[in-house]
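Engineer: My questions will all concern the structure given below.
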Amino acid sequence: MDYIFKSNERSSKILDFHHPHQLKEGLEGFSLDLPDHPEPLEQILVDCRDTLKYGVKTGHPRFFNQLSSGLDLVGLAGQWLTSTANTNMFTYEVSPVFLLMEEVLLKKMQSIVGWCEEEGDGIFCPGGAVSNLYSLLVARYDFYPEVKTKGMCALPRLALFTSEHSHYSVRKAAAVLGMGSDSVQVVPCDERYPSPEGLFVRGQRGSTKEQKGNGLVPFYVNATAGTTVYGAFDPLTAIADVCDRHKLWLHVDAAWGGGLLMSRRHQGKLQGIERASSVTWNPHKLMGAPLQCSAILIKKRGLLQECNQLCAEYLFQSDKHYDISYDTGDKTIQCGRHVDVFKLWLMWKAKGSEGFGSQVNKCLENAEYLFKQLQRRADFKLVFESKPEHSNVCFWYLPPSLRGLPPGPDTNRRLHEVAPQIKAKMMEEGTTLIGYQPLGSNVNFFRCVFSNPATQHEDVDFLLEEIARLGSNL
């Protein structure tokens, strides 16, 4: 409780940074080494305090580093109860209440996406990358069910499409599933957005269609609703039109953007998502559920079970005395599955859909406030002059030594070094935390993301002043 209180005190540090070798060597009685004999309770309590002391307060209102931040107390209580129950999500006999909660949550999320009652399936997964992998796995099985028994050697060379700004997990999933990362056709973006018509060349699925003449057979398109860096939304309706025309599986990676569906004010940015064959949605991001909490939604009911079922008899007996459709463990590629649903269910009970909507609106209002502040200042430059679509705001800090210099390779080289130097100082001082990265032709820039509703305008102002203070002598 002391840690939770300190996480919400703006005067407290976000982190007490030490290099890996310092933590490994031990600090002030804190040792990572494992003993042969039990240590006294007093030392165990010290270890617990030090673990929190040297970690990062991701619930701090001035933590802007990741898409998941904040500390929802109802969700935290849900985590405690989940750990107390200490059960597994593979069969109804050991997890009756949690499995019914998962069904209720999935139906609610499918309804919000826009699917009818007769449609929809899904499971909660260990993160958005695994949810995206499930979408590719199930899509491939839907078109080529023989892959389950015969493997990739029985299939043509497949092609899938995603934009250059999509999450790297799409390429990783293609590699994991044996299709190879070369099967991923990367669609260039015009500033923030991919071109839907840039996806395909000619023909229709099942005929002699080839992608750019390289012999690959297209079957799957990943569209992103809320890109990781820019927070941009792919044109879902236009991409869905292309997928319908060519009979392709449309997956929408809404891991980051799915939370906007909870806001009446902003849900229009995901127009067309109801036409997707599958959707990734991470409530542990914009909705503020404690990590981890991610769902894969599949429109075609029964497909998950068909794709992954192996009927292990020690778990999934057919002669049980209850409805075995609730033994959902055979839908998954895992055996054991952590209970990730209760904290979200409890938060939904405590907030209601309207409460989540207000929370999302607050985060986007903070992003708009930052955008307006950056517009007014000469020591910062926005990566995009247009208003942000999501709660991502990307910008450069211009130290006095770079202001007024003509654009060119030398200026870009020097600007590229600014953000990492400020970030290093920021971590040493521990007062706030924000991420940076290059992307395409843009040299290193800061990316501020808002997903903690505890963040106020004063925290945004502090961030800008702190960056200016730390970078003024560069």
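Here is a yes/no grid of residues against (1) open to solvent by 50 Å² or more (accessible area, probe 1.4 Å); (2) modelled with pLDDT under 95:
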{"residue": "382", "(1), (2)": "no, no"}
{"residue": "394", "(1), (2)": "no, no"}
{"residue": "407", "(1), (2)": "yes, yes"}
{"residue": "414", "(1), (2)": "yes, no"}
{"residue": "441", "(1), (2)": "yes, yes"}
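Engineer: From the set of residues in region 41-58 that are free of Cβ contacts under 8 Å to residues at least 60 places away in the same chain and among the aliphatic types (A, V, I, L, M), which is most open to solvent (accessible area, probe 1.4 Å)?
Structural biologist: Kept after step one, since they are free of Cβ contacts under 8 Å to residues at least 60 places away in the same chain, are these residues of region 41-58: 41-55, 57-58.
Narrowing further to those that are among the aliphatic types (A, V, I, L, M): 41, 44-46, 52.
Details: 41: 116, 44: 75, 45: 79, 46: 51, 52: 78 Å².
If we take residues in region 41-58 being free of Cβ contacts under 8 Å to residues at least 60 places away in the same chain and among the aliphatic types (A, V, I, L, M), then 41 is most open to solvent (accessible area, probe 1.4 Å).
Rundown of residues vs (1) open to solvent by less than 20 Å² (accessible area, probe 1.4 Å); (2) among the charged types (D, E, K, R); (3) at pLDDT 95 or above, yes/no style:
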residue: 205; (1), (2), (3): no, yes, no
residue: 209; (1), (2), (3): yes, yes, no
residue: 212; (1), (2), (3): no, yes, no
residue: 216; (1), (2), (3): yes, no, no
residue: 223; (1), (2), (3): yes, no, yes
residue: 232; (1), (2), (3): yes, no, no
residue: 244; (1), (2), (3): no, yes, yes
residue: 251; (1), (2), (3): yes, no, yes
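Engineer: Given the criterion open to solvent by 10 Å² or more (accessible area, probe 1.4 Å), assigned to a loop (DSSP other than H, G, I, E, B), of a type in the set (S, T, N, Q) and free of Cβ contacts under 8 Å to residues at least 40 places away in the same chain, identify the matching residue among 386, 401.
Structural biologist: 386
Engineer: Among the candidates 131, 68, 135, 83, which residue alone is among the hydroxyl-bearing types (Ser, Thr, Tyr), open to solvent by 20 Å² or more (accessible area, probe 1.4 Å) and not in a loop (DSSP other than H, G, I, E, B)?
Structural biologist: Of 131, 68, 135, 83, the one residue that is among the hydroxyl-bearing types (Ser, Thr, Tyr), open to solvent by 20 Å² or more (accessible area, probe 1.4 Å) and not in a loop (DSSP other than H, G, I, E, B) is 83.
Engineer: Right, here's the next one. Return the residues of region 425-448 that are under 19 Å from residue 411 (Cβ atoms) and not in a strand (DSSP E or B); say none if nothing qualifies.
Structural biologist: Scanning region 425-448 gives 440, 441.
Conditions tested, residue by residue: (1) in contact (Cβ under 8 Å) with a residue 12 or more places away in the chain; (2) under 18 Å from residue 429 (Cα atoms).
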position: 4; (1), (2): yes, no
position: 7; (1), (2): yes, yes
position: 11; (1), (2): no, yes
position: 23; (1), (2): yes, yes
position: 30; (1), (2): yes, no
position: 34; (1), (2): no, no
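Engineer: Any residue in region 182-203 that is at pLDDT 90 or above, over 15 Å from residue 139 (Cβ atoms) and outside any strand (DSSP E or B)?
Structural biologist: Scanning region 182-203, I find at least one residue that is at pLDDT 90 or above, over 15 Å from residue 139 (Cβ atoms) and outside any strand (DSSP E or B), so the answer is yes.
Engineer: Also: Are any residues in region 15-31 assigned to a loop (DSSP other than H, G, I, E, B) and over 30 Å from the mean Cα position of the chain (by Cα), and if so, which ones? Spell out the reasoning first.
Structural biologist: Restricting attention to region 15-31, the residues satisfying the condition of being assigned to a loop (DSSP other than H, G, I, E, B) are 16-19, 26, 28-29, 31.
Matches in region 15-31: 26, 28, 29, 31.
Engineer: For residue 61, state whether it is open to solvent by 30 Å² or more (accessible area, probe 1.4 Å) and in a loop (DSSP other than H, G, I, E, B).
Structural biologist: Values: open to solvent by 30 Å² or more (accessible area, probe 1.4 Å): no; in a loop (DSSP other than H, G, I, E, B): yes.
For residue 61, the condition - open to solvent by 30 Å² or more (accessible area, probe 1.4 Å) and in a loop (DSSP other than H, G, I, E, B) - is not met.
Engineer: Which one of these is within 24 Å of residue 118 (Cβ to Cβ), in contact with a strand residue (DSSP E or B) (Cβ under 7 Å, 6 or more places away or on another chain) and not acidic (Asp, Glu): 304, 216?
Structural biologist: 304
Engineer: Here is a follow-up. Looking only at region 449-465, decide whether some residue is in a strand (DSSP E or B) and among the aromatic types (Phe, Trp, Tyr).
Structural biologist: Checking region 449-465: not a single residue is in a strand (DSSP E or B) and among the aromatic types (Phe, Trp, Tyr).
Engineer: Residues in region 302-313: is at least one crowded, with 23+ Cβ neighbours inside 10 Å and either in contact with a Gly (Cβ under 9 Å, 6 or more places away or on another chain) or over 20 Å from residue 98 (Cβ atoms) (or both)?
Structural biologist: Yes, the conditions are met somewhere in region 302-313.
Engineer: Considering only residues that are under 14 Å from residue 397 (Cβ atoms) and either crowded, with 22+ Cβ neighbours inside 10 Å or in contact with a helix residue (DSSP H, G or I) (Cβ under 8 Å, 6 or more places away or on another chain) (or both), which ones fall in region 416-434?
Structural biologist: Passing the criteria: 418, 419, 421, 422, 425, 426, 432, 434.
Engineer: Here is a follow-up. Looking at (1) closer than 30 Å to residue 325 by Cα; (2) among the aromatic types (Phe, Trp, Tyr); (3) open to solvent by 30 Å² or more (accessible area, probe 1.4 Å), which is the one condition that is false for residue 98?
Structural biologist: Unmet for residue 98, out of (1) closer than 30 Å to residue 325 by Cα; (2) among the aromatic types (Phe, Trp, Tyr); (3) open to solvent by 30 Å² or more (accessible area, probe 1.4 Å): (3).
Engineer: Let me ask another. Looking at (1) surrounded by fewer than 24 Cβ atoms within 10 Å (Cβ to Cβ); (2) more than 18 Å from residue 233 (Cβ to Cβ); (3) of a type in the set (Ser, Thr, Tyr), which one does residue 263 not meet, given that it meets all the others?
Structural biologist: (2)
The values are calculated or read from the model by the stated rules, or taken from the named source; none is laboratory data. These numbers come from a predicted model, not from an experiment. Methodologically, a virtual Cβ is constructed for each residue, glycine included, from the backbone with ideal geometry; neighbour enumeration extends over all protein chains shown. Note: areas computed on protein heavy atoms with side chains; ligands, DNA, RNA excluded. Shrake-Rupley method; radii C 1.70, N 1.55, O 1.52, S 1.80 Å.
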